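Only one structure is covered here, and it is reproduced in the block below.
The values are calculated or read from the model by the stated rules, or taken from the named source; none is laboratory data. Since the structure is predicted, the reported quantities are computational estimates derived from the model, not experimental observations. Using ideal geometry, Cβ is built from the backbone for each residue, glycine included, and neighbour counts are taken over all protein chains shown. Please note that ligands, DNA and RNA were not included when accessible areas were found on the heavy atoms of the full protein model with its side chains. Shrake-Rupley method; radii C 1.70, N 1.55, O 1.52, S 1.80 Å.
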Amino acid sequence: MKLAVCARDEGLQAEVDQRFGRCPYFVIVDSESGELIESLPNASVSAAGGAGPQSARQLADRSVAAVVVGNIGPNAAVALEAARIQVYTGIEGTVETTLQKFKEGKLSSVSSATVPSHSGMKGKS
């Protein structure tokens, strides 16, 4: 399954980013093999508004099945649900350590927002 991890940089050793719509990168991996598929720059990182839904569209265009993030806002949660992209929270450390936690079933699946609108605009979390 294609899994996107919100990150501050490219690659498996990148530090994760708690934000969804304004994270600098989505590191897309194969959740089974752990293979890096791509480090996708988030086109919405500097958007004036609608970063969450735009980011969800970007991942849907890449056929991502799930995203792993620290927090998710209401607009992003609705957009991800509409795109049938599962959301998991509980990230920390690097993309690689987060992928390992995912494989071990140690991340929480969520179906609604974990923070209010515009929380990601406050900078790095």
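Here is how the numbers come out for the structure above:
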quantity	calculated
Point-charge dipole on Cβ atoms (K/R +1, D/E -1) for the chain, about Cα centre, debye to 20	440
Relative packing of peptides 35-48, 75-88 - highest average C-beta neighbours within 10 Å first	75-88, 35-48
P(r) tail fraction, the range 3-46 - alpha-carbon pairs more than 12 Å apart, %	51
Beta bridge orientation in the chain: antiparallel %, DSSP, nearest 5	70
Packing-based order for 98-105, 18-25, using average beta carbon neighbours within 10 Å, highest first	18-25, 98-105
With 10 Å bins from 0: P(r) over the range 15-123, alpha-carbon pairs, percent	16, 53, 29, 2
Rounded to 10°, Cα long-axis angle of helix 51-61 versus longest principal axis of the chain	40
Two-site label geometry, Ser46 and Thr97: point separation in nm, points 7 Å out along Cα→Cβ	3.1
Whole-number accessible area per residue in Å² for the chain, which is evaluated in the context of all protein chains at 1.4 Å	49
